Amino acid sequence: MRAARALWRALAGGTARLASGVHQTWRRSLQLRVVTITLVASSLLVGGFAYLIADKITNILVENAQTDVLLRLQNGREYARKQFNPYSQAQEAQFQDTIDGTVNYLAGGDPAQTSGVVVAITGDTFTPGTIAPHASPDVQVRPLIGQELRASVAAGNVAHQIRTGTLGAERTKYLVYGSPVPTRFGQVELYYIVPLARQDATAADARATVVATGAALVLLLGLLAALVTRLVVTPVRVAARTAQRLSAGLLDQRMVVNGEDDLALLAASFNQMATNLQRQILRLEEMSRLQRRFTSDVSHELRTPLTTVRMAADLIFAERDEFDPAVARSAELLQAELDRFEELLTDLLEISRFDAGFAVLDSEPTDLVPVVHRVAERLAGLAERAGVTIELDVPDTPVIAEVDPRRVERVLRNLVGNAVEHGEAKPVLITLGMDQSAVAITVRDHGVGLKPGEEKLVFNRFWRADPSRARQTGGTGLGLSISLEDARLHGGWLEAWGAPGQGAQFRLTLPARAGDRLTTSPLRLVPADAALPFGGPRDGGLLAIGPGSGAGALAIGPPGESDRAEVTS
C-alpha cells in the first residue's frame, strides 16, 4: 500500500510538473500559441470538410447502386410476370420449374456462380401453398431478407434495405431490393441481393484519400503559420532582448535593420528611440553628476567662511551679557541659526556621499540596548522642553547585531527627535525586538499622525507634513532621507505608519548578520492600539516604505498578516 501511494504521489508530482512546464511554455511562446491555434482550427475545418466529402461520396455510391438495382428489379419483375402469366392453378408443378429457370436467367444464366448479384424468388403469401425460396446462386437468402422487408413486399410494395451477412466466404454488406410479382393464382416476391463490397472499398479509399489530403493540408498550414509567425516574432524577440540590454545599462545596443518593410520600420524606430533615450539618459546623468558635484563643492567651500563666521559668532555670543537686550537676543538667534546651518552642511555632505555611491558601512557586532538608551538620554532635554516622556521597551538581555553603530544611532536619533517634535506632549515609546534573523526598533508617538498619502512623502528630502508648523529641533529636513539611506546601506527596511489623530510609528528592521536577506520583521508596523477606519483595532491597511531607490513605495495589506516587506522602492 505504501509503495502504491508513493508511486501515485510520484506520478501526480510528475504530471503537475509537466502541466506547469507546458503552461509556462504556452504563456511565454507566442509562436507556439499561434501555431497551435492554427493547427486546431485548421484540423476542425479540414475534418469537417473531409467528413462531408466522404459522406457525400458514400451516399453517391449507394444511390448509384440503388438506381442500378431498382432498374434491374423492374426489368426482372416484368420478365417474371410474363413467364408466370401463362400458368394456371393446374400447372403448379411446371410453375416451380419455371421459377428456377427465371431465377437463373435473371442472375445471368450461371447458377453455379458464388459471388455477385443474387436473385431470389419466394412465395410466403402464395395462394395455393408456400413455395421454397429459389435463389441463383443457390445460397441461403433468408437471413438477409429482413422481416420488415418481407412484410412490405408481401403487402404489394417495392422496398429495400441494407443488411450485413454471409453468403460467400466473407461477411459483406448487401443491398436487398424486393418487389411483388403477381400471377394468376397468387403472388410471389422477387428479390435482388447486391453486394456493396466494391462500393465500400471505393468509399474507404475516398475517405483515406480525403484524410491524407486533409492531414497534409493541416501540416502545411502549421508549417506556414510557424514560418510566418517566426518572421514576425523573431524581430520582436530581438527587440525584447535589446530592450533588456538597454534596461541593464548597455545603452549602445541596437537592432539590425533589414529591408524596408514594416518590421524594418519597427527596428529603425526602435533604434531611434534607443538613441534618443541614450542621449537623454547621458544628459541626465551628466546633470545629476554636476548637481552632486556642485552640492559637494558648495558644502565643502562653505566650510571655510562658516568657520570664520562661527568664530566671530562665538565671540559675540560669549560677550552677549554686555550688550543691550536686543543685540543679545540677536547674538542668540545668530548662534542657533549657525548651529542649524552647520548641521545642514553636514547632512548635505552625507547625502552627496550617498548619491555618489561613496558611503561605506562599517559593520561590527553591536549591542543595540545601550544604543537605544544612549539616544533616549541625549534627547531627554529636548523631550523635557517639549513636555514629552520617552518610554523604553527593551529586553534585559543584550541584543547583538552586525551593524554600523554610528549610523544606527543616527537613524534612531532622527526618528526619536521627529517623534518628540510631533508628539503633542504625549509619551513616545521606543521598542526593541529580535528574532533569529533580524532586529527591529519601533518609535511610536501619539501626536497629529499622518494624513492619507503622506506616508509616501515622509522620507522625501526637505518634506514637511505641516510647513507652517514651528520646529522644536531646528531640523534640516534631510534627517529621514539620510535615515532611509542608512537602512538601505544595511540591507534593511525603514517603514512608516500613521493615521490622523492617532500618531505615527516608524519601524527600523536590520538583518542580524551583515549581508543576510530580510524576509520578516520581529515587530509589527501597525501598533496594537491603532483603531483604523475599517472597523476593529487590528483591521485596516498598512503603508510601508521599504528599501530601494528613491523615497519609497506604497504597500497595502492586512495588518493581521506578518509584516513582511512586499514592495521595495
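Gyration tensor over the Cα atoms of region 148-190: the corresponding equivalent ellipsoid has semi-axes (square roots of 5 times the eigenvalues, largest first) of 25, 11, 7 Å. Calculated translational diffusion coefficient of region 375-518 (10 °C, 1.306 mPa s; Stokes-Einstein with Kirkwood radius over alpha-carbon pairs) equals 103 µm²/s.
For region 317-451, a crude dipole built from +1 on the beta carbon of Lys and Arg and -1 on the beta carbon of Asp and Glu, taken about the Cα centre, is about 400 debye to the nearest 20. Between ARG279 and ALA10, the C-beta separation translates, for a Förster distance of 56 Å, into a calculated FRET efficiency of about 0.45.
Taking the charge dipole of region 243-311 about its Cα centre, with +1 at Lys and Arg Cβ atoms and -1 at Asp and Glu Cβ atoms, the residue from THR304, SER288, PHE270 reaching farthest to the positive side is THR304.
Couplings 3J(HN,Hα) of region 369-375, computed from phi: 5, x, 4, 5, 4, 5, 5 Hz, in residue order, whole Hz [Karplus 6.51 cos²θ - 1.76 cosθ + 1.60, θ = phi - 60°; x for Gly and Pro]. For region 227-364, the alpha-carbon coordinates run over 95, 39, 20 Å along the three principal axes, in decreasing order.
By accessible area, using a 1.4 Å probe on protein heavy atoms only, region 381-442 has 48% of its surface on carbon and sulfur.
Accessible area per residue for region 150-226, computed on protein heavy atoms with a 1.4 Å probe, is 50 Å².
Gain in length, ASP205 to ARG378, computed as 0.36 nm per residue apart minus the alpha-carbon separation, to one decimal in nm?
Result for the pair: 52.3 nm of gain on full extension.
The residues of region 303-438 expose on average 55 square angstrom of accessible surface per residue, using a 1.4 Å probe on protein heavy atoms.
Want the number for GLN96 to LEU70: 0.36 nm per residue separation, take away the alpha-carbon distance, what's left?
Here the segment from GLN96 to LEU70 would lengthen by 6.9 nm.
Per q in 0.14, 0.18 1/Å, what log10 I(q)/I(0) does a Debye calculation on the alpha-carbon atoms of region 1-105 return? The computed values of log10 I(q)/I(0) come out as -0.86, -0.95.
The values are calculated or read from the model by the stated rules, or taken from the named source; none is laboratory data. The structure presented is a predicted model; accordingly, all values stated were derived computationally and were not measured. No Cβ is skipped: glycine too gets one built from the backbone with ideal geometry, and neighbour counts run over all protein chains shown. Side chains included, ligands, DNA and RNA excluded: accessible areas come from the protein's heavy atoms. Shrake-Rupley method; radii C 1.70, N 1.55, O 1.52, S 1.80 Å.
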